[in-house]
Amino acid sequence: MQYISTRGRTAPMPFTEAVMMGLATDGGLLLPESLPRADAATIDQWRRLRYPDLAGAVLALFATDIPANDLRDLVQRSYTTFTHPEITPVVRHGDLHILELFHGPTLAFKDVALQFLGNVFEYLLQRSGGRMNILGATSGDTGSAAIYGVRGKERINIFILHPHKRVSRIQELQMTTVIDPNVFNLAIRGTFDDGQAMVKGIFNDIIFKDAYQLGAVNSINWARIVAQVAYYVYAALRVTGETGSPAVDFSVPTGNFGDIFAGFVARRLLPGQIRRLVLATNENNLLTRFVNQGDYSIGQVVRTISPSMDIQVASNFERYLYYLNNEDADRTARDMATFAATGVLSFAAEQRQTIGQDFLAATVDEAGTLAVIRDFYDAHGVVLDPHTAVGVGAAQALREPGVPMICLATAHPAKFGEAVGRAIGRPPELPAALAGLTTMASRCTVVDADMDTIKEFIVRHAG
Ligand SMILES: *Cc1c(COP(=O)(O)O)cnc(C)c1O
C-alpha cells in the first residue's frame with residue numbers, strides 16, 4: 001500500500017517512509033492511496049483473534065512494506081506492557097459498552113499507538129543504521145506516553161517540552177521520573193502554546209531538522225492512527241458478536257480528531273458494522289458546531305477539566321476534509337489555505353449530508369461532565385475520567401434504542417483526581433503505577449521559553 005498527501009504534492013511512498021516523514025513535505029497529512037475494506041470471510045476470522053493478533057492482522061493491511069514476521073513481532077511486543085490480559089477490554093455497564101483503553105504504562109489511550117510507534121521507530125533505525133531525536137511539546141498526556149514509548153531505546157533520544165508548573169502533579173511525575181539516559185524533560189517558563197510554537201519553529205528550520213534527524217510523535221503520524229483502528233475493529237466485533245446486533249455506534253471524546261479519524265477508517269474497513277461515530281467535545285466545541293451546523297470557525301481555547309481536549313483547531317481534521325472533498329487534493333489544499341487566511345470554512349449541502357451520515361455530535365460542559373461522573377458512579381460503582389465522561393454524556397444524549405453504543409474510555413480517572421474528587425466527593429484510588437511516583441527519583445531541566453535555548457540543549461545532548 002502506498003501513501004499520498006491530502007494536498008497532493010508528494011510522490012506516493014510506502015508505509016515506513018510515511019511513518020518517518022510524519023507531516024507530509026507539502027504541508028498536508030499522509031493517507032493510504034485507498035482505504036481497505038475487509039470481506040465477510042476475513043471479518044469472521046478476525047472475530048476469533050486475541051487483541052495482539054487482531055491488531056497485527058489490521059496493521060498488515062496498511063504496513064505492507066514491513067515483512068509479516070517482523071510486523072507480528074513488533075505488534076506483540078507493543079502490547080506486553082499492558083496490564084490487562086485483553087489489552088483493550090470492553091465492559092458493559094447498563095445500556096453502554098465501555099471500551100477501556102487505559103491499561104497501558106501511562107494510563108491513557110495514547111499508549112496503544114505510542115508503544116507501537118516507539119517499536120517501529122527502533123526497528124526502522126536498526127535497519128537503516130540511523131539515529132533520531134524526537135522533539136515534542138505536551139500539555140500533559142502525550143508527553144508521558146511518548147516517553148514511555150521510546151525510553152531506553154538505543155538509537156533514539158526524546159526531548160519533551162512541558163509548561164513549567166502548568167501540568168498536573170501526576171502528569172509531571174509521569175514524565176520526569178523516567179530517568180533513562182535517552183529521555184530529556186524540559187520544563188519551559190511559559191505556556192503549552194509557547195512550547196508548541198517553539199517546536200514548530202525548530203521543525204521549520206530544515207537545516208537543523210536534517211542535521212539532528214528530528215522526529216515527531218504527534219497524532220499527525222499515520223502509524224498512530226492505524227494502531228488505533230485496531231481497537232475499533234476489536235470492540236465492534238466483540239459487541240456485535242455478543243449482542244447479535246448487526247451494527248454498533250461509537251462515542252469518542254475528541255480533541256485533535258486523531259482518535260475519531262481512526263474510527264472513520266475502521267468504519268470503511270468493516271462495511272455496515274459501524275453505523276455512526278459520536279463526536280463528543282467539551283466547551284471547545286468547534287467540531288460539534290461543524291457536525292451540527294456546518295460551522296467550522298475558530299474560537300478561543302478555554303480551559304476545562306478535560307484538558308487533553310482543550311483544542312480548537314484539530315490537527316487531523318484535514319484527513320477527513322480530504323474524503324469530504326471526494327479525495328480531491330487540490331480542493332483540500334485550497335480549503336486549508338482559505339482556513340489559514342480567514343479562520344472559517346463553509347460546506348455545500350451535499351457535504352453536510354455526508355457529514356450527517358458519518359457523525360453525530362454533542363458538547364458536554366463542565367457541569368454536565370461532573371454530573372455524568374457522579375451519576376455513573378452512583379448507578380454502576382464505576383469512576384470515569386472527565387474525558388471519558390464527555391463521551392458518555394454525548395452517548396447518553398444521542399444513543400438509539402437497538403443500536404449498541406460503545407464509549408471509548410480514554411484515560412484512567414486517577415490521572416485527573418481533582419475533577420473526579422469534585423464529582424464523587426473523594427479522590428479516585430491510585431493504581432500501583434501512579435502510587436509509587438512521588439518517591440521515585442526524577443530529572444527535569446527548567447529553561448526559558450526561548451527557541452535558541454532549546455536548540456542548544458538538543459545540540460549538547462543529541463550525542
Ligand atoms: C489525547 C486525548 C483525547 C483526545 O484525542 P484526539 O485523538 O486528540 O481527538 C481524549 N482523551 C484523552 C484522555 C486524551 O489524552
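Here, each number is a calculation from the coordinates, and none is a lab measurement. This is a predicted model, so every value here is computed, not measured. Cβ sites come from the backbone with ideal geometry, for glycine too, and all protein chains shown count toward neighbours.
Quick notes
- Only Cα sites of the chain enter the Debye sum here, all with the same form factor; the resulting log10 I(q)/I(0) across q = 0.06, 0.10, 0.13 1/Å is -0.23, -0.70, -1.28, listed in q order.
- Estimated FRET transfer efficiency (Asp95, Ser346; beta-carbon r; R0 41 Å; 0.05): 0.65
- Under 15 Å, Cβ to Cβ, from Leu384 - net charge with Lys/Arg +1 and Asp/Glu -1: -3
- Computed P(r) (all Cα pairs; segment 283-391; 5 Å bins; percent): 2, 11, 18, 20, 16, 12, 9, 6, 3, 1, 0
- Over the Cα atoms of segment 1-120, the radius of gyration divided by the Kirkwood radius equals 1.01; this is the Rg/Rh ratio.
- The HN-Hα couplings worked out from phi for segment 252-258 by the Karplus form 6.51 cos²θ - 1.76 cosθ + 1.60 (θ = phi - 60°) are 10, x, 10, x, 8, 6, x Hz, whole numbers, x standing for Gly and Pro.
- Measure of compaction for segment 11-77 (Cα Rg per 2.2 N^0.38 Å): 1.27
- Considering helices alone, the calculated mean residue ellipticity of the chain at 222 nm is -14000 deg cm²/dmol, with DSSP H runs of length four and up weighted by -39500 (n - 2.57) and normalised per residue.
- Rg to Rh quotient for segment 360-456, alpha carbon positions, Kirkwood Rh: 1.15
- Of the trypsin sites (Lys or Arg not before Pro) found in segment 377-463, those in coil by DSSP whose Cβ has at most 15 other Cβ atoms within 10 Å are Arg443.
- Taking every DSSP bridge with both residues inside the chain, close to 25 percent are antiparallel.
- Debye intensity ratio I(q)/I(0), log10, segment 139-296, q values 0.09 Å⁻¹ (C-alpha model): -0.42
- Each Lys or Arg adds one and each Asp or Glu subtracts one; over the other residues with Cβ under 9 Å from the Cβ of Phe102, this totals -2.
- Cα gyration tensor, segment 259-342 - rounded (a/c under 1.5), prolate or oblate: oblate
- Over segment 199-273, the pair-distance histogram of Cα-Cα distances with 10 Å bins from zero comes to 17, 36, 22, 14, 9, 2 percent, rounded to whole numbers.
- Amide hydrogen neighbours beyond the local backbone of Val447, cut-off 5 Å, H modeled: Ala187, Ile188, Arg189
- Coupling constants for segment 389-402 follow from the phi torsions by the Karplus curve (6.51 cos²θ - 1.76 cosθ + 1.60, θ = phi - 60°), and in residue order they are 5, 4, x, 5, x, 5, 5, 5, 6, 10, 6, 10, x, x Hz; glycine and proline get x.
- Pairs over the 23 Å Cα-Cα cut-off, from the set Lys153/Lys200; Lys209/Lys415; Lys200/Lys415; Lys110/Lys153: Lys153/Lys200; Lys209/Lys415; Lys200/Lys415.
- Scoring 344-353, 277-286 by mean Cβ neighbours within 10 Å over their residues and listing the highest first yields 277-286, 344-353.
- Distant-in-sequence amide H partners of Thr410 (H built 1.01 Å from N, under 5 Å): Thr388
- The modelled label-to-label distance between Ala11 and Asn326, using points 7 Å beyond Cα along the C-beta direction, is 3.0 nm.
- Ranked by the mean number of other Cβ atoms within 10 Å of their residues, highest first, the peptides 126-134, 258-266, 35-43, 17-25 come out as 258-266, 17-25, 126-134, 35-43.
- Phi-based couplings in Hz for segment 413-430 (Karplus 6.51, -1.76, 1.60; Gly and Pro marked x): x, 5, 6, 10, x, 5, 5, 5, x, 4, 7, 10, x, 7, x, x, 5, 7
- Net +/- balance of residues flanking Thr342 in space, Cβ distance below 14 Å, scoring K and R +1, D and E -1: -1
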